[in-house]
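Peer 1: Pasting a structure below so you can have a look.
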Amino acid sequence: MRDALLTVRDLKIYYRTLYGYVKAVDGVAFELRDGEVLGIAGESGCGKSTLGNGLVLLKPPMKYVGGEAILDGKNIMALSQKEIKRIRYEKISIIPQYAMDALNPTKKIRQIVDDLLREHNSSFEEKRELIEERLAIVNLSKKVLNMYPIELSGGMKQRLVMVISTLMNPDVLVADEITSALDVSTQRSVVQMLYEMKEKKAMKSIIFITHDLAVLYQIADRIMVMYAGKVAEIGPTEEMVRNPLHPYTKMLLASLPKIGVRFVNERLKGIPGYPPNLLNIGPGCRFRERCPKAFAKCEQDPPIFDLNGRKVSCWLFERGDER
Amino acid sequence: MTRKEFAYFFLRNKKVIFAMCVLGFLTFLAVVGPYISPYKDPLAFVGLGYQPPSKQHWLGTNTFGQDIFTQLVHGLRTSLFVGLVGGSLATVIGLLIGFVAGYRGGWIDELLMMFTNILMVIPTLALLIIIAAYLPYRGIFIQSLIIGFTAWPWTARAVRAQALSLKTREFVDLARITARRPLKIIFGEIMPNMMSYVFMVFILQFGGAILAATGLDFIGLGPTRGMSLGIMLQQATLWNAIQLGMWWWAITPGAVITLIVATLYIMNTGLDEIFNPKLREM
Amino acid sequence: MSFLVVQNLTKEYPLGLLGKEKLKAVDDVSFEIERSKIVSLIGESGSGKTTIGKLVLRLLKPTSGRIVFDGKDVFSLRKEELRDYYRRVQGVFQDPFSSFNPIYKIDRVFDMVFEEFLPEVKASERKARIEQVLVSVGLNPSQILGKYPHQLSGGQLQRILIARILLLDVELLVADEIISMLDASTRVDVLNLLGDLKKRGMSVIFITHDLSLGYYISDEALIMYRGSIVEMGDTEKVFRNPVHPYTRMLLESVPEVGKKWDLRERFTPELIGGDSASCKYYDRCPIRERHCRTAHLQMVEVEENHKVLCLKAGA
């Protein structure tokens, strides 16, 4: 097994609101191995984006409540502002969901890149070769460097942010819903570009966050399914898809439409009910109210059980295999 | 935002509470001041000149022996009146023109915006001077009208942008396919969503009108009779209040104007924090 | 029997300062919809699919062409006729959050339907009917009524909008990307709901960029590219035997669990095409030939109920 690059243990990130805490990420634990693509899947509000963003840039009203995320021997959640500034971008970086808005509209791209690099003791000139090589990977011409952000289309901006956010070759790259707003054909090309960047060592490992399991299947080595702020299941992509363990994962996979299945012949089933409100939520498995297999024990918080490298947080697996 | 949330953020916002208190106090002073002042007429010569604040003259007297406190409360009345009438007028005109331009679009929009832009580039003060100078008699009501009719263009532009964005929202389309009549859509769907914004615009216009009136008064184009904070300021300068060491005359009206306008701006930032969830402090 | 006929529909937007150049959002589109059918309008952003939906709902005026519903030109309808049209033809939009006026409780969308279309229904009966339609879309009325939009989830809001349709006996529903903001676990249920409504006689124009959803639910599929329909027909036929290179490319890029893409392959679909060629797909087309640039294009029937706009269709 490859070494762990990032180890997250019992991480808790809450939102402060008028009425109390929204427990968006509540005791999440996983490790990101060197060189892998870890996919994080889940429905909106499951905490996947909070987790991804929180690891890179913790902004109010997000609040780090407990646990740790060890990168390079340090808990990056509890660093001083100064240390975070250095580590962010150099060690861990992000392609945000709204990458289009991340670029300062009053500056030319070259200037934006230069400013950013200078903050990290480098410069545009020093990295010129690398920048041009990376731009080629994402199918952008060198000319964009002399343009203003407004001159680029949404898709071009997003690919540009892919390049900019990885110029320091970070260990960990968080890609937050980078394919969700795209057309299917563009989706595919973006995933392929990201893969090529990783092959060319633009980053060591990727945390790829999306609500779309089908896209995740294309690129992730392992998948972590989140539900209502907690980890439901972690496992290698192929195994997880062929043999999902957690009832939620099973139902989620069963609900996906695929070519070959039509309403007139076969009716797909969704998951009845809605995720719980995470505001001041109490103990117990958070899926129990929608779960067809729920039983008495589900009133207690399930720990994460380890089954030969696959991890699942469900009482059904207390004794190792499904009861 | 539910009412409960609104009340919560409203009552928690120190800026708004502070501004409400100050404005409440000033309004109280303007309304009650003339009655509690020992002197009725702000222009009457009621005592010796050059008197610093004392028991008889709470804020002293000016060169001629007129009572500064009496002048101040009457002036405050005038200023608040001008702010209210001028500010409301500018807001209403700006709202109407901006809304029609944004909502109807097409050539009506182009025409109205051309008109607005022309008014915008003409320096307002110059326009005010010309209009004011041609009027043989000027009361504060006329002054408010002049200010109201010249201050609306930026409001119109801002409201137009709001209307443009609101009319493309899907709830407007939903109302349209519910066979809702256009007027009902405007007043039932779009307008209510602009109200918080319009209220904030009004506050800015209110302060702007007071400042504009002060400017006119100061250069001698204020009301031909009556008293205002601007006229007090003008007279104090004219009769060398500062050089003569009469700080109570020189500073008071300016301080009150500054207080009003600054308070309004604080109020506006506070309201912005209430209405805009991104600025809300947790 | 076709009860909605779209004929040579075109919608242009002026471009640039003087408006001399025109963007053809919808370019000479014709199709028909029968009763109790779901027709998918599939295309990428900018294909004009949403514009067609808005035209059918009369939210936009066409530059030319006609939409005929039940024998009447939709754009000639006035007052009561228009009210009657909306009683029979309704829409649900993409963004459930923006479909509700944020300052009102959600009950308002139901109240408006009663006020405008069913004023004769008594207040007491209204409540019962609202609760009934909410239950039939799988919602619990007590958790929904009296709430503000921001207190509910996207899936709940989208279902409320479908429940709204159920108050009326709608014959044609324009569903514009109604699934795209929903989570996987709930979107299938919304799709199934559309399927059930179809069984009860309603037709649906199902606008989507997601081919697998279109395939799952629809009887017929129209594939759109830059304002034109490039392939249309029976869903099974279009998906099993795609002829237009654009349709093929789309189908290849649909992500599916259990079918891996070759990530090493270079896949660059985003090319900016010129407008000079008569085939709009010319610049991106892998099988183009010189005469595709100039020749006149026409819909060709590949098999029964399966047509394609491609010169090489026969070859």
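Peer 1: Can you confirm whether the stretch B:191-206 contains a residue that is open to solvent by 10 Å² or more (accessible area, probe 1.4 Å), over 30 Å from C:Pro102 (Cα atoms) and part of a helix (DSSP H, G or I)?
Peer 2: For the stretch B:191-206, residues open to solvent by 10 Å² or more (accessible area, probe 1.4 Å), over 30 Å from C:Pro102 (Cα atoms) and part of a helix (DSSP H, G or I): absent.
Peer 1: Inside the stretch A:166-194, can you point out the residues that are within 15 Å of the chain's Cα centre (by Cα) and either more than 14 Å from every other protein chain (Cβ to nearest Cβ) or of a type in the set (Ser, Thr, Tyr) (or both)?
Peer 2: Within the stretch A:166-194, A:Asp171, A:Val172, A:Leu173, A:Val174, A:Ala175, A:Asp176, A:Thr179, A:Ser180 meet the criteria.
Peer 1: Let me ask you something else. Counting only residues that are hydrophobic (A, V, I, L, M, F, W, C) and open to solvent by 10 Å² or more (accessible area, probe 1.4 Å), which one in the stretch C:239-253 is nearest to C:Leu309 (Cα to Cα)?
Peer 2: Across the stretch C:239-253, the extreme among qualifying residues is C:Val243.
Peer 1: Can I ask one more? Would you kindly identify the strands (runs of 3 or more DSSP E) lying entirely within the stretch A:16-105 that contain at least 1 residues that are over 14 Å from the mean Cα position of the chain (by Cα) and either within 19 Å of A:Ile206 (Cα to Cα) or not assigned by TED's automatic domain parsing to the domain that holds A:Arg118 (or both)?
Peer 2: Once the strands (runs of 3 or more DSSP E) in the stretch A:16-105 are filtered for at least 1 residues that are over 14 Å from the mean Cα position of the chain (by Cα) and either within 19 Å of A:Ile206 (Cα to Cα) or not assigned by TED's automatic domain parsing to the domain that holds A:Arg118 (or both), what remains is A:20-33, A:62-71.
Peer 1: Only one of (1) more than 14 Å from chain C (Cβ to nearest Cβ); (2) closer than 30 Å to C:Leu182 by Cα is not met by A:Met147, so which one is it?
Peer 2: Every listed condition holds for A:Met147 apart from (2).
Peer 1: Another question, if that's okay. For the subset of the stretch B:207-247 comprising residues that are β-branched (Val, Ile, Thr) and surrounded by fewer than 20 Cβ atoms within 10 Å (Cβ to Cβ), which member is farthest from the chain's Cα centre (by Cα)?
Peer 2: If we take residues in the stretch B:207-247 being β-branched (Val, Ile, Thr) and surrounded by fewer than 20 Cβ atoms within 10 Å (Cβ to Cβ), then B:Ile242 is farthest from the chain's Cα centre (by Cα).
Peer 1: Failed condition for A:Ala181, given (1) among the aliphatic types (A, V, I, L, M); (2) modelled with pLDDT of 85 or more; (3) not in a helix (DSSP H, G or I), with all others met?
Peer 2: All conditions are met except number (2).
Peer 1: Within the stretch C:219-238, identify whether any single residue is facing chain A (nearest Cβ under 9 Å), surrounded by 21 or more Cβ atoms within 10 Å (Cβ to Cβ), in contact with a Leu (Cβ under 8 Å, 6 or more places away or on another chain) and assigned to a helix (DSSP H, G or I), and answer yes or no.
Peer 2: No - not one qualifying residue is present in the stretch C:219-238.
Peer 1: Separate question: Among the residues of the stretch A:226-256, which ones are of a type in the set (A, V, I, L, M) and more than 11 Å from every other protein chain (Cβ to nearest Cβ)?
Peer 2: A:Met226, A:Ala228, A:Val231, A:Ala232, A:Ile234, A:Leu245
Peer 1: Identify all residues within the stretch C:176-218 that are hydroxyl-bearing (Ser, Thr, Tyr) and outside any loop (DSSP other than H, G, I, E, B); write none if there are none.
Peer 2: C:Ser185, C:Thr186, C:Ser203, C:Thr208, C:Ser212, C:Tyr215, C:Tyr216
Peer 1: Next question. From the set of residues in the stretch B:1-37 that are aromatic (Phe, Trp, Tyr) and open to solvent by 80 Å² or more (accessible area, probe 1.4 Å), which is nearest to B:Glu273 (Cα to Cα)?
Peer 2: Only one residue fits best here, namely B:Tyr8.
Peer 1: Something else about it: Taking the stretch C:186-205 as the region of interest, how many residues are within 11 Å of chain A (Cβ to nearest Cβ), within 27 Å of A:His211 (Cα to Cα) and either in contact (Cβ under 8 Å) with a residue 60 or more places away in the chain or basic (Lys, Arg) (or both)?
Peer 2: 3
Peer 1: Next question. When residues of the stretch B:157-190 are filtered for being surrounded by fewer than 16 Cβ atoms within 10 Å (Cβ to Cβ) and at the interface with another protein chain (Cβ under 10 Å from one of its Cβ atoms), how many remain?
Peer 2: 3
Peer 1: Looking only at the stretch C:101-118, which residues are in a loop (DSSP other than H, G, I, E, B) and within 9 Å of chain B (Cβ to nearest Cβ)?
Peer 2: Residues satisfying the conditions are C:Asn101, C:Pro102, C:Ile103, C:Tyr104.
The values are calculated or read from the model by the stated rules, or taken from the named source; none is laboratory data. Remember, it's a predicted structure, so these values are computed and weren't measured experimentally. Neighbour counts run over all protein chains shown; Cβ positions are idealised from the backbone, glycine included. With ligands, DNA and RNA removed, areas are computed over all heavy atoms of the protein, side chains included. Shrake-Rupley method; radii C 1.70, N 1.55, O 1.52, S 1.80 Å.
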